1. Roughly speaking, what is the centre-to-centre gap between segment A:147-170 and segment A:263-278 when only Cα atoms are used, to the nearest Å?
2. State to the nearest 20 debye the size of the charge dipole of chain A about its Cα centre, where the only charges are +1 on K and R beta carbons and -1 on D and E beta carbons.
3. Can you tell me, using C-alpha contacts under 8 Å and at least 6 residues apart, the relative contact order of segment A:281-366 as a whole percent?
4. So for chain A, averaging the separation of alpha carbon pairs under 8 Å that are six or more residues apart and normalising by length, what relative contact order in percent results?
5. Could you please rank A:CYS107, B:CYS94, placing first whichever residue has the fewest other Cβ atoms within 10 Å of its Cβ?
6. Can you put B:TRP99, A:TRP24 in order of Cβ neighbours within 10 angstrom, beginning with the fewest?
7. If you count, for each residue, the other Cβ atoms within 10 Å and average over each peptide, how do B:118-124, A:268-274 line up from highest to lowest?
8. Which one of A:SER73, A:VAL49, A:LEU121 is farthest out on the positive end of the charge dipole of segment A:1-138, using unit charges on Cβ (Lys, Arg +1; Asp, Glu -1) and the Cα centre as origin?
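Taken together, the values in this text are just the output of simple stated rules run on the coordinates, not laboratory data. Bear in mind that the values here come from a model prediction, so they are computed numbers and not experimental data. Cβ placement follows ideal geometry from the backbone for every residue including glycine, while neighbour counts extend to all protein chains displayed.
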Amino acid sequence: MVKETYLHGKHVKLGAKMVDFAGWHMPVQYSSIIEEHKTVRDHVGLFDVSHMGEVFVSGKDATKFLNKVVPQSIDKLQYEKAVYCQLTNKNGGLVDDLIIYKIGIECYLVICNASRIDEDLNWLVRNRRGMNVNIDNQSHNYSLLAIQGPKAINLMKKMGYNIEDQKSFTIKPAVIADVKLLASRTGYTGEDGFELLMENEYSEYLWDEILKEGQEFGIKPIGLGARDTLRLEAALHLYGNDLDETTTPIEAGLSWSVPKDKVSDYNGKDIIMNQIHNGIQRKLIGLEMEDRNIPRHGYEIYYNGEKVGIVTSGGVSPSTGKNIALGYVKNIDQIITGTTIQIMIREKLHDAKIVNRPFIQKRNKV
Amino acid sequence: MSYRENMLCSKSHEYIVKDGDKYVVGLTEYAIEQLGDIVFLELPSVGDNFGKGETFANIESVKAASEIYLPVSGEITEINEQLVDSPEKLNEDCYEGGWLVKISADNFDNDSKDLMNYDDYKSEVE
């Protein structure tokens with residue numbers, strides 16, 4: 001059965017076009033993807049991302065346990081801080097990508113992809129043998145709203161948020177419109193903003209309040225369509241497209257999230273460390289089309305007449321007017337930033353140039 | 001010319017309407033609305049021939065790429081070139097300024113038998 005978030009009725013009432021996404025009936029757009037995209041870049045947008053998973057990990061060995069299942073050094077994570085990381089398998093491939101928050105002593109909040117909750121739970125349970133740790137999937141009890149865009153902070157302050165100087169990638173208990181919740185300064189758009197975690201029963205009230213109070217800042221509800229174009233411009237990976245069980249963090253260009261000096265073992269560490277030291281066979285690239293054709297997921301990438309890779313995410317970039325993509329190519333010296341490659345689109349090769357990622361200037365660091 | 005009154009529609013959401021001795025072909029407003037923001041359009045060349053139901057053009061919205069099928073067999077006699085440069089105009093108007101191609105169709109009567117008038121088409125898609 002297709003699942004619905006607590007806000008499903010709100011989306012339908014707003015006239016959203018609804019689609020099935022990872023087993024959830026979600027809004028893909030309310031008005032126009034391009035319009036919604038620009039609203040987030042220029043003003044502020046509100047997203048219902050309650051389909052995402054919330055798993056609480058606690059117990060005497062919680063730190064030790066999480067340290068064993070992700071490459072990041074969870075033992076170094078401080079209270080109220082967040083870290084982007086990946087759940088690796090024995091081959092260094094990715095079961096999922098996650099954000100882990102330290103919310104107490106030996107207590108963590110793990111936010112995972114809607115499409116991967118079951119796999120993640122399975123994998124976590126299989127890895128906890130012999131450890132004193134409690135894995136509690138609370139996804140069904142919590143709603144997650146994202147407020148994203150340059151005006152997000154103004155709107156939050158107007159609604160009673162009074163935390164001074166909350167840094168990116170931190171989470172704090174906060175009060176917004178008299179509702180107690182957890183405010184995380186994170187997002188999936190490349191803009192400054194917040195993700196607000198609350199018990200389901202408050203979500204409808206807050207959704208309405210945020211849209212009402214946000215009017216003076218030009219707020220709009222934003223669907224999954226614009227969420228995708230926003231994250232693509234920011235070159236943020238999408239699990240299932242750009243990441244999967246056969247892709248390692250090094251191949252995916254996520255070396256920055258893999259400490260070189262971590263002492264404790266984790267799944268796939270040998271393979272991942274070997275790739276860091278000895279190189280990889282394929283690598284993630286960003287590309288920009290030289291003509292008006294649009295690169296899309298699954299299109300083949302060519303270099304000098306030879307097939308060298310595949311597009312994993314692609315589409316239009318409403319902010320730049322260019323057509324852009326992420327993809328994987330053979331890791332050869334000739335294919336670097338500035339190299340012209342070709343994308344096979346409708347049985348014809350079209351020139352594209354490899355460019356630096358992200359495709360836009362990110363403004364999410366505060 | 002009143003498009004909605006005179007046009008015939010296919011199940012794949014193309015319309016065709018007689019204009020002098022030629023026929024105008026485009027996509028219905030329902031199709032455009034379903035596609036969302038149009039960002040790319042590829043049209044054939046004048047003189048190209050297509051059978052009924054063959055792909056003669058490609059259209060892409062932000063979300064996805066789709067093919068457009070010729071509702072009857074014919075030869076392309078004119079294309080709406082302005083639209084290729086600004087396909088987003090289709091979101092405002094898919095008829096007067098937003099037609100795609102004009103064709104000559106020798107076998108129209110036979111080819112158009114399975115096409116619907118606008119009212120039938122509307123009740124079909126709703």
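1. Between the Cα centre of segment A:147-170 and that of segment A:263-278, the gap is 38 Å.
2. Numbers: 45 positive and 47 negative charges, 126 e Å.
With only Lys, Arg, Asp and Glu charged at Cβ, the dipole is about 600 debye.
3. About 36 percent, as a whole number.
4. Computed over chain A, the figure is 18 percent.
5. In increasing order of surrounding Cβ atoms, one gets A:CYS107, B:CYS94.
6. The order, fewest Cβ neighbours first, is A:TRP24, B:TRP99.
7. Top of the packing list down: A:268-274, B:118-124.
8. So the residue we want is A:SER73.
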